[in-house]
Structure formats: C-alpha cells, structure tokens
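Enquirer: There's a structure below that I have some questions on.
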Amino acid sequence: TIELKTLLGSTGMTTLDPGFGNTASCSSKITYIDGGAGVLRYRGYPIQDLAVGSSFLEVAYLVIYGELPEPGRLKEFSDKLRENADIPEDMGAFIDAMPRNGHPMALMASAVNTLAAYYDDSADPADENQVELATIRLMAKLPTIAARIYRNSIGEEPIAPDPSLGYVENFTRMTFGERRPDGELGELFGKAVDLLLLLHADHELNCSTATVRVVGSSQADIYASIASGVNALSGPSHGGANQAVLEMLDEIRDSGVELEDFLERVKNREVRLMGFGHRVYKNFDPRSKQIKNLATQILDRDDNPDELFELALRLEAAALKDPYFTERKLYPNVDFFTGVIYRAMGFPSNMFTVLFALGRLPGWIAHYREQLHDPAFRIARPRQHYVGSPERRYPGQG
Ligand code: ACO
C-alpha cells in the first residue's frame with residue numbers, strides 16, 4: 001500500500017504521491033480509461049470498435065487531430081507520410097555508424113533526437129506550422145529509422161521506402177525485404193501489425209507519454225520530447241515488458257521449470273510475472289483481450305500450434321487461479337501476448353519495444369500538441385519531501 005501524505009511547508013501544502021498514483025497533472029481530451037471496467041476509448045471511440053472497423057493510420061489521425069478524417073483527408077495524410085518517409089543520407093550514415101549490436105531502443109532514441117538537428121525548420125514549438133510539419137516528419141520517418149536499425153543489426157543493406165506502398169506494408173518491406181511473406185499469409189501479417197499498432201496508439205498519462213509532456217513543458221521541441229518518450233518506453237516496467245515477457249517464456253521453456261514453481265518464485269519476489277499487472281486496469285486490460293484474440297487467430301492452429309503461445313496461455317491460466325494475483329488484481333496487460341505474435345512474424349525480441357514505439361507515436365504527438373494549447377500549461381515541476389540532514393556546519397565555519 002502506498003501512503004499518500006500531505007505536507008505543509010513555508011510555501012504551502014504539498015502532497016507526497018509516489019509514482020503519481022493519485023495525481024492528475026493535466027486535463028486531456030484524447031483518451032478515456034476506466035480501469036475498473038476495462039474501458040479504453042480514443043477520442044470517445046471504444047477501442048474494440050476501432051479494432052474492427054478502423055486502421056492504424058485512421059486512428060493516428062483521430063488521436064492527433066481529434067476527429068475521424070473527412071473523406072479525402074486520410075488519403076492526403078497518407079500521401080504526406082509517403083512523401084516524407086525518406087531520411088537524409090547523412091542521417092542514414094549516422095544510424096549506420098552506431099553500434100550495430102546496440103539495443104534498437106537506444107539507437108532509435110538517439111536517431112529521433114537528431115531529427116531536431118536535421119530538421120530545425122520544424123522544431124519551434126511556438127509555430128503551429130512547424131509543429132504540424134514535425135508531426136508529419138515523425139510519423140513518416142520513424143518506420144524508416146526502425147527498419148534501418150533492424151537491417152543494420154542483421155548486417156543487411158537498408159531498403160529505401162517505397163512511396164507506392166501503404167504505411168505498414170512499407171515498414172514490413174523495409175524490415176524484411178524479400179523475406180516478407182506474400183499471399184494470404186502476407187495479408188494476415190500486415191493486418192496483424194496494423195492492429196497491434198492501432199491498439200498501442202495512445203494510453204493517456206503512461207510513463208512515456210507523461211515524459212513527453214514533462215520534457216515538452218520546458219518548451220523543448222517535439223523531437224527532443226519524443227526521443228525522451230522512446231527512452232521512457234524502453235524500461236521493462238513499461239514498453240520493454242514485451243521483450244521481457246518473451247525472455248521469461250523462453251527461460252521457462254528452456255529450463256523446464258514447472259509453472260507452479262515459477263509462480264512461487266514470483267510470489268517470493270525473486271522475479272516479476274512480466275506482462276501482468278497495471279497501474280490503472282484492475283479488472284482486465286481491453287487491449288490484452290484483443291491481442292489474445294489476434295494471437296489465437298494467428299498461432300492457435302490445430303496443424304501447427306505455437307509452442308510459446310501455448311505456454312503463455314498455460315501461464316496465464318495458472319496465475320489467474322492463484323489468489324496472489326487475483327487478490328492484487330493482476331491480469332495480463334498489453335505486453336503479455338504481443339511478443340509471441342512478433343516472434344512468430346520473425347521480429348527478434350529486441351525489436352518488440354520498437355514496434356510499441358511505432359504504435360505509440362501518435363499518442364505522444366497528440367499529447368505534446370494538446371499541451372501547447374492548454375490554458376493551464378506551465379512547466380512541470382513536481383515537489384519533493386525532503387528527508388535529508390537538517391542544517392549542519394561546514395568544518396571550520398564555526
Ligand atoms: N508480478 C508480481 N507481482 C506484482 C506484479 C507482477 N507483474 N505487478 C504487481 N505486483 C504486486 C506488487 O508487488 C504489489 O504487491 P504488494 O502489495 O504485496 O507489495 C502489488 O502487486 C501492487 O503492485 P504495484 O507495484 O503497486 O503496481 P504498480 O502500479 O506500481 O506497477 C506495473 C504496475 C509496473 C505494471 C507492475 O504491475 C509490473 O511491474 N508489471 C510487470 C511489468 C509489465 O508487464 N509492465 C508493462 C505494463 S503495461 C505498459 O506499460 C505498456
């Protein structure tokens with residue numbers, strides 16, 4: 001149990017709220033979550049309706065601009081992204097020069113940070129046209145950056161964006177080239193990536209989005225703010241959990257440990273059950289339900305069942321039978337089933353969080369932009385509860 005304390009100082013009252021569990025730091029119109037009821041809506045539209053009827057690009061537009069695109073606007077948006085997907089040659093060389101076995105999230109954050117240097121004509125937060133141009137550039141170029149980092153990591157030549165392809169198709173082509181499946185499987189693959197990106201598009205004041213807002217509150221440019229969001233996402237308590245889940249499943253499989261014994265280790269606090277638990281959802285995570293359905297469609301084939309998916313299902317069932325998890329309201333979160341899908345598609349586990357970042361980008365952009373127009377906008381500056389030494393004398397000063 002986290003204790004909330006109210007502290008009185010010479011400048012007024014301060015609330016001590018570790019991890020901001022009970023603190024709202026802004027008003028927002030972007031995403032609504034009811035954690036008890038498992039409700040998630042982007043701009044008022046339930047996530048499950050968007051998952052069935054929409055596409056990642058349409059949802060990105062909705063999240064960023066506030067409304068579903070009028071007829072013609074989605075094509076215009078998509079055309080702008082195609083036109084801007086290239087990165088400058090010297091930026092490509094910069095990415096190529098980074099350690100090829102470095103974690104892709106570290107490389108991606110560095111690359112995003114440098115966008116401000118390559119495109120300083122779109123880095124002024126006070127100029128709406130520049131913020132709009134940066135929005136297009138970020139959305140257009142992040143898949144190109146991600147794919148280049150991946151190609152470098154496997155020692156293969158980068159593949160330039162193809163302006164004739166759609167957003168997700170272009171990304172998977174730049175990533176896998178000829179290895180991208182075609183036909184029915186290719187279509188299923190493309191739809192799955194699209195849906196996964198859509199389900200990650202925003203999630204109100206999660207750690208990385210809160211970071212984007214905090215950095216942006218100092219009037220830092222959008223590229224710097226979003227690079228900070230990429231870094232915040234990389235941690236295993238946040239977006240890095242999708243990689244950690246796969247590593248946990250691999251370890252359970254390879255060691256042959258019984259699931260009950262593994263869960264005992266979790267209960268003894270030796271390890272965390274990765275992909276379980278959430279600050280806001282205390283019943284179920286609606287994204288996890290959608291992702292489990294998707295995994296079932298893709299991986300639960302009678303002729304060729306996926307070993308890791310089966311293991312994840314058994315682990316989930318074992319945890320949900322155990323009062324340790326139910327009493328603490330710990331359920332699978334968005335990261336529990338994504339990794340098994342990405343692995344089956346051929347993504348290495350250190351790319352999983354990069355895929356999360358591609359999905360979360362519209363949310364980061366939307367929050368950065370919303371904050372600029374917030375009448376209550378002021379620099380983020382939390383207070384602290386000082387527990388250090390009282391005043392003392394420096395030696396020799398009396
Ligand atoms: N495994 C084991 N125990 C857990 C887990 C877990 N995954 N998550 C929470 N608990 C326990 C805590 O130890 C605590 O127990 P206690 O009351 O006996 O001390 C209780 O459940 C409450 O947990 P908190 O730590 O207060 O939860 P908090 O809201 O601070 O943390 C978090 C949420 C970080 C997501 C946590 O559940 C966790 O570490 N999960 C595993 C990592 C993960 O999957 N992260 C992805 C989250 S979704 C996202 O960011 C995209």
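Enquirer: Which Rg and Dmax, in Å, describe the Cα atoms of segment 1-120?
Expert: Answer for segment 1-120, Rg first and Dmax second: 21.3, 57 Å.
Enquirer: Within 10 Å, count the other beta carbons around each residue, average over each peptide in 276-285, 36-45, 11-20, 316-325, and list them highest first. Walk me through the numbers before you get to the answer.
Expert: On the way: 276-285: 19.1, 36-45: 17.0, 11-20: 11.4, 316-325: 15.0.
Final packing ranking: 276-285, 36-45, 316-325, 11-20.
Enquirer: Continuing with this model, one more query. Among the aspartates and glutamates, which fall within straight-line cross-link reach of K267, defined as a Cα-Cα distance under 13 Å, with same-chain neighbours fewer than 8 residues apart omitted?
Expert: D322, E327
Enquirer: Also, I was wondering about something else. When a/c reaches 1.5 or more, the comparison of a/b and b/c decides; with that in mind, is segment 304-398 rounded, prolate or oblate per its Cα gyration tensor? Walk me through the numbers on the way to the answer.
Expert: Details: a/c = 2.61, a/b = 1.69, b/c = 1.55.
Verdict is prolate for segment 304-398.
Enquirer: Pairs of Cα atoms under 8 Å, at least six residues apart: use those to get the relative contact order of segment 190-301, whole percent.
Expert: Values: 49 pairs, mean separation 21.0, N = 112.
Rounded, it is 19 percent for segment 190-301.
Enquirer: Using a Cα-Cα cut-off of under 18 Å, which aspartates and glutamates could be cross-linked to K5, ignoring same-chain neighbours fewer than 8 residues away?
Expert: D17
Enquirer: In addition: Roughly how far apart, in whole Å, are the Cα centres of segment 138-202 and segment 348-398?
Expert: Each part reduced to its Cα centre gives a spacing of 31 Å.
Enquirer: Which of K191/K282; K141/K289; K289/K329; K29/K329; K80/K141; K191/K292 have a Cα-Cα distance over 21 Å? It would help to have the intermediate numbers written out before the result.
Expert: Values: K191/K282 29 Å; K141/K289 30 Å; K289/K329 16 Å; K29/K329 28 Å; K80/K141 11 Å; K191/K292 15 Å.
The pairs that break the limit, which is 21 Å between Cα atoms, are K191/K282; K141/K289; K29/K329.
Enquirer: Can you give the FRET efficiency for L320 and V280, using 1/(1 + (r/R0)^6), R0 = 22 Å, r = Cβ-Cβ distance, to the nearest 0.05? Mind dumping the intermediate values first?
Expert: Working: r = 19 Å, r/R0 = 0.86.
With a Förster radius of 22 Å, E is 0.70.
Enquirer: Could I ask something else about it? So for the chain, considering every pair of alpha-carbon atoms, how many percent are separated by more than 34 Å? Spell out each step's value before the answer.
Expert: Working: 25095 of 79003 pairs.
Of the Cα pairs, 32 percent sit more than 34 Å apart.
Enquirer: Moving to a separate point now. Need one word for segment 23-68: rounded, prolate or oblate. Basis is the Cα gyration tensor (sqrt eigenvalues a ≥ b ≥ c); a/c below 1.5 gives rounded, then a/b vs b/c decides. Intermediate results must be reported in sequence, preceding the final value.
Expert: Numbers: a/c = 3.13, a/b = 1.32, b/c = 2.37.
Judged from the Cα gyration tensor, segment 23-68 comes out oblate (a/c at least 1.5, b/c at or above a/b).
Enquirer: While we're looking at this one, here's another question. Using helices alone, I'd like the mean residue ellipticity at 222 nm for the chain: each DSSP H run of four-plus residues gives -39500 (n - 2.57), total over residue count, nearest 500. Don't skip to the answer; put the middle values down first.
Expert: Values: 17 runs with 213 residues, N = 398.
About -17000 deg cm²/dmol.
Enquirer: Is segment 57-202 best put as rounded, prolate or oblate by its Cα gyration tensor, with a ≥ b ≥ c the root eigenvalues, rounded for a/c under 1.5, and otherwise prolate when a/b is larger than b/c, oblate when not?
Expert: oblate
Bear in mind these aren't lab numbers, they're just calculated from the coordinates by the rules spelled out. Bear in mind the structure is a predicted one, so any value in this text is a computation, not a measurement. Glycine also receives a Cβ, built like all others from the backbone with ideal geometry; neighbour counts cover every protein chain displayed.
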